[in-house]
Amino acid sequence: MLRKLLVANRGEIAVRVIRAAQDLGIATVAVYSDADRDALHVQIADEAVHIGPPAAKKSYLNQAVLLKAAAETGCDAVHPGYGFLAENAEFADACAAAGLVFVGPSGDAIRTMGDKVAARSAAHAAGVPVVPGSMGRVADIEAARHILIDTGFPVMIKAAAGGGGRGIRIANDLAEFEAAFPQAAAEALAAFGDGGLYMEKVITKARHIEVQVLGDGTDAVHCFERECSLQRRRQKVWEEAPSRALSDRVRDELCASAVRLTRAVGYSGAGTIEYLYDDEADRFYFIEMNTRIQVEHPVTEMITGIDLVAEMLRIAGGEALRLKQSDITPRGHAIEVRLNAEDPSRDFAPFPGTVSSLRVPGGPGVRFESMLYAGYTVPPFYDSLLAKLVVHAETREAAITRLVRALGETRIEGLRTTKPLFLALAEDEAVRANAVHTRWLEGWLDTHSARLVPDLEP
Amino acid sequence: MAQIHSPLPGTFYRSSSPDKPPFKADGDAVAVGDVIGLIEVMKSFHEIRSEVAGANIRFECDNEEPVMAGAVLAQVD
């Protein structure tokens, strides 16, 4: 078992990790920038170390200062949370080199799954369906024409050296493809100094479905799936478990494929394997693996009763997986919504400020994961997540009713938040029928966002 | 003499990316509507446009400096 843990993060996830460690009797050390002196994670940790100015690259991303804090406080482990250094293979290696347990997979596992081509190859090798397309770089236009047999149209042509949406072209038919392919190669060479291209089938209406896994380096189990199709600018806003879109047969195949991949890469810790699910074809395709705990992990905890962060800490402490697959059964339905400091009526403009008063929702089946307290000033330097409201009930319908009840109880005064978005979504027929896909919310917002005006209490 | 204030709290940037020159160098003239910097608030970027015209801009905030809403970013003659 770990003895003393440095929590290399801030905000609600730092609070979540500190709580899990303390529940296991592990001492905790928080870290904080100048902007976070009064933060909840600093108050509840057993110790706290100042690590620098507000800018993340000088504090929460500063590996040297984090390792020094761990050494000086006598920690034997580091939990990276999510974001910041959570998927930084060099940091995982640096922790190991400093004799610290990195609570997560090895640097090599992060590198493999963080590299899109390597991850896709690993998935393919483990018999996990991948989005039809090239396995790595396309040699030339002759080879590209062969790949079209698998992908069909529309097809995406991507610069191998691109990223973040840059260097992508979509061809809707063969004529467009014949024109676009050489242009894309020339552009990629000019923009990135590398004319290499990938090809991938475009799935226009897909759901985002992901499987939670736990591995101990040898064995692996899944904790069923989450559906996170409600997204804005590729950011999830509403997540649930299980997915109502899957048949039992497809769910079994999906979860089994996630376990195969987790085992195949010798994965250790908690991870999430993300898929696109195409309703029309009733097929799922691997997209990527996230080698960390995710924001939306609580919906899985609510339906399985497993404390995923505690399991991460136990595995990092050297224990073998305590859970057999047959021990893990889903019960009921859980929904999480992300209450962000953003004004949904004004294109989600950020709204940092001071929480003048706070009323937290409660009662059966309600969980409020947050770092807020009355009088807390939300700094402008980090992300806008204020709280995750998580509800659990016997059915999806009952969970939505409970969500509306809990949102009504929630009052975060002094800030504008995304609460009106969730009240409106909970009333929407398409959401209630789960007739959604990953591009659905952006279209809905075009016609609905103007009336999502938050109450702003003085 | 006039001041240009930050309408938002956040992190002030003088250029659009680290490898680009600053929007304005000390001593430049400024017209109404000119972008003089960016403020990053919760990972989103907002252009700061001057509401005044003048000569000889002098920055009171460094690149990547944290600022409060209302902070003086620059002065112009």
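FYI, it's all coordinate maths here, none of it is from the lab. All figures in this text were calculated on a predicted structure; none of them were measured in a lab. Glycine gets a Cβ as well: all are built from the backbone with ideal geometry, and neighbour counts include every protein chain shown.
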Inset, instruction - Calculate the spin-label point distance for A:E442 paired with A:A97, positioning each point 7 Å from the Cα along the beta-carbon direction, and give it in nanometres. - result: 4.0
Legend entry - Sequence-distant residues sharing a close amide H with A:Y376 (under 5 Å, placed H): A:V355
Inset, instruction - Would you calculate the volume per residue, in Å³, of the smallest convex hull containing every Cα atom of the range A:293-354? - result: 131
Inset, instruction - Considering the convex hull of the alpha carbon atoms of the protein assembly as shown, report its projected area averaged over all viewing directions, in nm², one decimal. - result: 26.1
Inset, instruction - At 0.36 nm per residue, minus the direct Cα-Cα distance, what do A:A139 and A:I44 gain on full extension? Give it in nm, one decimal, please. - result: 28.6 nm
Legend entry - Reference-scaled alpha-carbon Rg (2.2 N^0.38 Å with N residues) for the range B:2-76: 0.98
Inset, instruction - Hand me the GluC sites (Glu not before Pro) from the range A:239-322 located in a DSSP loop with no more than 11 other Cβ atoms within 10 Å, in residue order please. - result: A:E280
Inset, instruction - State which stretch of chain A is the longest one without any exposed trypsin sites (Lys or Arg not before Pro), exposure meaning a DSSP loop state and at most 15 other Cβ atoms within 10 Å. - result: A:332-438
Legend entry - Size of electric dipole in chain A: Cβ of Lys, Arg +1 and of Asp, Glu -1, about Cα centre, debye, nearest 20: 400
Legend entry - Per-residue [θ]222 nm for chain A (sum of -39500 (n - 2.57) over DSSP H runs n ≥ 4, rounded to 500): -10000 deg cm²/dmol
Legend entry - Principal axes of the range A:207-451: Cα extent on each, largest first, Å: 49, 43, 33
Legend entry - Spin-label model distance (nm) - A:E288 vs A:D115, 7 Å beyond Cα toward Cβ: 1.6
Inset, instruction - Hand me the GluC sites (Glu not before Pro) from the range A:386-421 located in a DSSP loop with no more than 12 other Cβ atoms within 10 Å, in residue order please. - result: A:E394
Legend entry - Separation between Cα centres of the range A:155-205 and the range A:253-320, rounded to whole Å: 31
Inset, instruction - With an 8 Å cut-off on Cα pairs and a minimum separation of 6 or more residues, tell me the relative contact order of chain A in percent. - result: 14
